1. Quick check: convex hull of the Cα atoms in the stretch 68-149, volume per residue, rounded to a whole Å³?
2. What does the charge count around Phe293 come to, taking other residues whose C-beta lies under 14 Å from its C-beta (Lys +1, Arg +1, Asp -1, Glu -1)?
3. Could you list which residues have their amide H under 5 Å from that of Phe293, counting only those 5 or more apart in sequence or on another chain, with H placed in the peptide plane?
4. So, counting K/R as plus one and D/E as minus one, what does the shell of residues with Cβ under 12 Å around Gly391 add up to?
5. Per residue of the chain, what 222 nm ellipticity follows from adding -39500 (n - 2.57) for every DSSP H run with n ≥ 4, rounded to the nearest 500?
6. What is the magnitude of the charge dipole of the stretch 367-500 about its Cα centre, with +1 placed on the Cβ of each Lys and Arg, -1 on the Cβ of each Asp and Glu, and no other charges, expressed in debye to the nearest 20?
7. Classify the stretch 143-289: rounded, prolate or oblate, from the alpha-carbon gyration tensor (a ≥ b ≥ c, eigenvalue square roots; a/c under 1.5 rounded; otherwise prolate if a/b is larger than b/c)?
8. Can you bin every Cα-Cα distance in the chain into 10 Å intervals starting at zero and give me the percent of pairs per bin, rounded to whole numbers?
Amino acid sequence: MSQRQLEYDIVIVGSGAGGGTVAKELAPLAARGARIALLEWGGRFDPTRHHSRLELDMAQKYYFDWGGMQTKSKDLTLAFARAVGGSTNVYTGTSLRISQEVLDQWQIPGLTRQDLDPRFQKYERENNVHLSPEQELNDNNKLFRLGCERLGWEVTQFPVNTKNCVGLGTCNLGCAVGAKQGTARVQIPEAEKSGVEVIPWCRVDKVTTHSVEATIIPPLPGFDKGQYVPGPYRMMAKKIILAAGAIHSPLVLERSGFTSPALGRYLTCHPALILVGQHPQSITNVTGHPKSFYSEQFLAKQRFLLESCMYFPFTLAKNLAGYGADLDWLIKRFPQLQMILVLAIDEAEKHNRVLWGRGGKPVVEYRISQQTKRALVQGVRASAQLFFAAGAERVHAPGAGRFLVSRNEAPRLDSIVTEDQFLLGQISIAAAHLMGGCRMGTDPKTSVTDPWGRVHGHRHLYVADASLFPAAAEINPYLSIMAIADRVAQAVREDLGVNS
Ligand SMILES: Cc1cc2nc3c(=O)[nH]c(=O)nc-3n(C[C@H](O)[C@H](O)[C@H](O)COP(=O)(O)OP(=O)(O)OC[C@H]3O[C@@H](n4cnc5c(N)ncnc54)[C@H](O)[C@@H]3O)c2cc1C
């Protein structure tokens with residue numbers, strides 16, 4: 001099929017936390033006549049038409065690989081979405097600012113809280129970030145707080161970004177009432193009002209000097225056809241901004257022949273465990289916002305975070321370290337389950353990377369370090385303590401050598417849950433917060449872009465997503481991705497010689 005050609009001034013690739021933000025920030029240029037396209041591999045979801053609220057159906061529609069992409073060693077599962085709005089469709093909407101301590105470690109000139117705070121304020125306002133009132137918190141979340149309080153641990157309520165939330169609890173399957181304020185809901189419609197053209201079902205295969213090679217793919221059944229017929233396209237552009245996420249932005253550059261010692265490398269995440277405690281009584285867990293509290297009690301020394309969480313039976317079952325009768329027994333008691341997410345803080349290591357595999361599929365090489373394994377084991381012990389303090393009778397504790405640990409064993413958790421029994425590959429570790437791969441910095445030997453997202457040595461090309469992070473954010477990252485993408489949009493405007 002012959003390649004069609006389209007002409008733009010600016011092309012943005014990917015429409016998630018990063019791409020959606022850049023589109024909105026550059027939209028005033030479109031209002032003044034610049035041709036700007038936002039290209040997105042996935043489709044445009046309409047809450048009223050496309051949200052069945054069925055777990056498998058929505059996982060298949062929204063996520064790459066149903067949210068179950070595995071690393072090469074198969075001991076880590078990666079979840080990220082493909083849709084207009086990217087992973088902000090399926091995120092839980094907890095909205096935190098990256099700390100100055102983490103920015104100090106990153107050592108990116110000019111990247112400080114002083115620079116980011118006004119940007120944070122802007123997106124907190126746009127996304128309606130607020131604390132949920134007490135009456136909207138469900139038992140699962142309140143038990144997390146109660147457990148922390150009884151143990152004397154630090155506990156903080158998450159600011160969340162919902163508006164008119166009716167408590168369906170299906171945030172990670174996309175919101176069926178459009179209450180969660182992601183880029184598909186807020187920034188992208190704003191950009192479109194000013195004339196930014198959104199092109200769904202458009203997979204970018206390569207970027208070259210001043211052009212993008214893309215394929216328009218047929219939409220999934222039930223989705224609208226776009227205005228362009230499926231097939232190969234070349235989009236000409238003066239400026240190209242890659243925001244395809246931490247897996248695909250480095251891959252697009254690799255596939256396009258870009259070489260840099262850091263490209264695709266220093267990929268990092270917060271390796272996570274989903275854990276459950278079984279209470280004697282039923283609790284509210286599926287309804288209400290899934291995630292209301294977190295604890296940084298163990299962040300500084302043991303390098304892990306604890307968060308309240310809620311996952312539906314399919315995701316929960318695949319994340320527990322067991323199967324057969326044990327799993328059956330527990331899942332049948334789903335209404336009695338309290339859930340905790342342990343997030344380890346991993347180092348950004350050069351050997352952790354994404355590269356093209358056979359058949360054009362990404363391959364992720366990621367080694368769980370001894371230090372991260374230790375943090376996860378300590379996180380299992382701390383979660384078990386928290387569950388018991390909140391009143392649970394049994395807990396699922398990977399590394400215990402058996403599926404459940406009961407309340408009378410609580411005093412012996414340190415000897416029951418051990419690193420020896422925490423077997424990588426047999427325990428399901430998840431990674432929702434993917435970062436790095438096109439890290440920013442000043443040295444082209446260890447970074448892909450400059451501190452403003454400009455790809456070293458290529459004045460027309462920028463990156464504006466989580467792949468810019470030089471190391472882990474140590475918190476839920478979307479708001480920081482938006483603030484950093486906002487800086488990239490500023491750089492694009494300055495390079496074009498326009499102020500706003
Ligand atoms: C289940 C889940 C829950 C989460 N909860 C939270 C939370 O509560 N708080 C928080 O701060 N963070 C949360 N996150 C993380 C947050 O959503 C991500 O960190 C953030 O969305 C990443 O932004 P991004 O722009 O880098 O990538 P994405 O938002 O993933 O967007 C990338 C986009 O690029 C598109 N794309 C990829 N390749 C191409 C290509 N070749 N051509 C065209 N388009 C392409 C993708 O389809 C996608 O739409 C969660 C993530 C998940 C998966």
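The values are calculated or read from the model by the stated rules, or taken from the named source; none is laboratory data. For clarity, every value in this text was computed on a predicted model and none was experimentally measured. When we count neighbours, we look across all protein chains shown, and the Cβ atoms used for this are built from the backbone with ideal geometry, even at glycine. Remember, those area values only see protein heavy atoms, side chains included, never the ligands or the DNA or RNA. Shrake-Rupley method; radii C 1.70, N 1.55, O 1.52, S 1.80 Å.
1. 219
2. -3
3. Phe158, Ser308
4. Around Gly391, the surrounding residues sum to +2.
5. -8500 deg cm²/dmol
6. 240
7. Taking the square roots of the gyration eigenvalues as a ≥ b ≥ c, the stretch 143-289 is prolate.
8. 4, 21, 31, 26, 13, 4, 1, 0
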